[in-house]
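Read the structure below first, then the notes.
The values are calculated or read from the model by the stated rules, or taken from the named source; none is laboratory data. Everything numeric here is computed off the predicted structure, so don't read it as measured data. Here Cβ is always computed from backbone atoms with ideal geometry, including for glycine, and neighbour counts include all displayed protein chains.
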Amino acid sequence: MIGRLQGRLLSKQPPALLIDVGGVGYEVEAPMSTFYQLPPVGETAVLHTHLVVRDDAHLLYGFASTTEKNLFRLLTTRVSGVGPKLGLAILSGVGVDEFWNIVRAGDIARLSRIPGIGKKTAERLILEMRDRADHAPTVAGVTLPAGAGRQTPTTPLDEARSALAALGYKPAEVQRFTDAVYQEGMSTEQIIQEALRRAVR
């Protein structure tokens, strides 16, 4: 089991990362809550990881904190119908602290706005996770890095739109969310964060 990676960040194209650890490039998928905390490409990154073994692939998921990793594991092992892709979408859309607040409040409508989660899945998530909510740890607020380090797409707005599409939002939704929040000078991470906030209101 690979539980932690520390190495040079070679590329970041949400939700995918490539990290060089001793000359070996590890492909990792991560939620946007982790992307907000990554250093620029070329610098050292540390990720807490979870390995999923399937018949056709070994998939590695990375997180900025053990709190994120533990929630991802809970979601994907405890709640029926929630796999890794949906686990990443939840962490990308609302983050750890907000997820537990939603569960405590029983806010089905809020969860249902995340791509891939319908009303029935949202109801099941709240029902099956409610007993954990009172004891759930919290994480500190994220700090946005100064900018992104990817080469393509070429602008922060293009990068943000590509990331939102990869998270499951429809093209029309991506266009609407980014048009509503974009201001000159915003970084990729800032655009994504503001767009996701608008998406789950």
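Below are the figures for this structure:
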{"read-out": "Ala109 being in the same structural domain as Asp20 (by TED's automatic domain parsing) and among the aliphatic types (A, V, I, L, M)", "value": "no"}
{"read-out": "Evaluation of Val79 against (1) farther than 17 Å from Leu167 by Cα; (2) within 15 Å of the chain's Cα centre (by Cα); (3) among the β-branched types (Val, Ile, Thr) (one fails), failing number", "value": "(2)"}
{"read-out": "Any chance Thr77 is touching a residue at least 60 places away in the same chain (Cβ under 8 Å) and surrounded by fewer than 21 Cβ atoms within 10 Å (Cβ to Cβ)", "value": "no"}
{"read-out": "Residue match in region 36-47 (condition: touching a helix residue (DSSP H, G or I) at 6+ places or on another chain (Cβ under 7 Å), of a type in the set (Asp, Glu) and not assigned by TED's automatic domain parsing to the domain that holds Glu98)", "value": "no"}
{"read-out": "Qualifying positions in region 20-45 - over 15 Å from the mean Cα position of the chain (by Cα) and assigned to a loop (DSSP other than H, G, I, E, B)", "value": "Gly22, Gly23, Pro39, Pro40, Val41, Gly42, Glu43"}
{"read-out": "Residue within region 55-64 that is among the hydroxyl-bearing types (Ser, Thr, Tyr), outside any strand (DSSP E or B) and surrounded by 21 or more Cβ atoms within 10 Å (Cβ to Cβ) present", "value": "no"}
{"read-out": "Any hit, region 25-43, residues being surrounded by fewer than 22 Cβ atoms within 10 Å (Cβ to Cβ), within 26 Å of Ala122 (Cβ to Cβ) and either without any contact (Cβ under 8 Å) to a residue 60 or more places away in the chain or in contact with a strand residue (DSSP E or B) (Cβ under 8 Å, 6 or more places away or on another chain) (or both)", "value": "yes"}
{"read-out": "Matching residues, region 81-109, being touching a residue at least 60 places away in the same chain (Cβ under 8 Å) and closer than 17 Å to Asn70 by Cβ", "value": "Leu88, Leu91, Ser92, Val94, Gly95, Val96"}
{"read-out": "Pair list, Cβ < 7 Å and 6+ apart or interchain, from region 159-185 residues that are more than 17 Å from Arg113 (Cα to Cα) to residues that are acidic (Asp, Glu)", "value": "Val181/Glu194"}
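Residues are listed down the side, and each one gets a yes or a no for (1) under 20 Å from Leu17 (Cα atoms); (2) in a helix (DSSP H, G or I); (3) at pLDDT 90 or above:
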{"residue": "Leu47", "(1), (2), (3)": "yes, no, yes"}
{"residue": "His50", "(1), (2), (3)": "yes, no, yes"}
{"residue": "Thr67", "(1), (2), (3)": "yes, yes, yes"}
{"residue": "Ser80", "(1), (2), (3)": "no, no, no"}
{"residue": "Asp97", "(1), (2), (3)": "no, yes, no"}
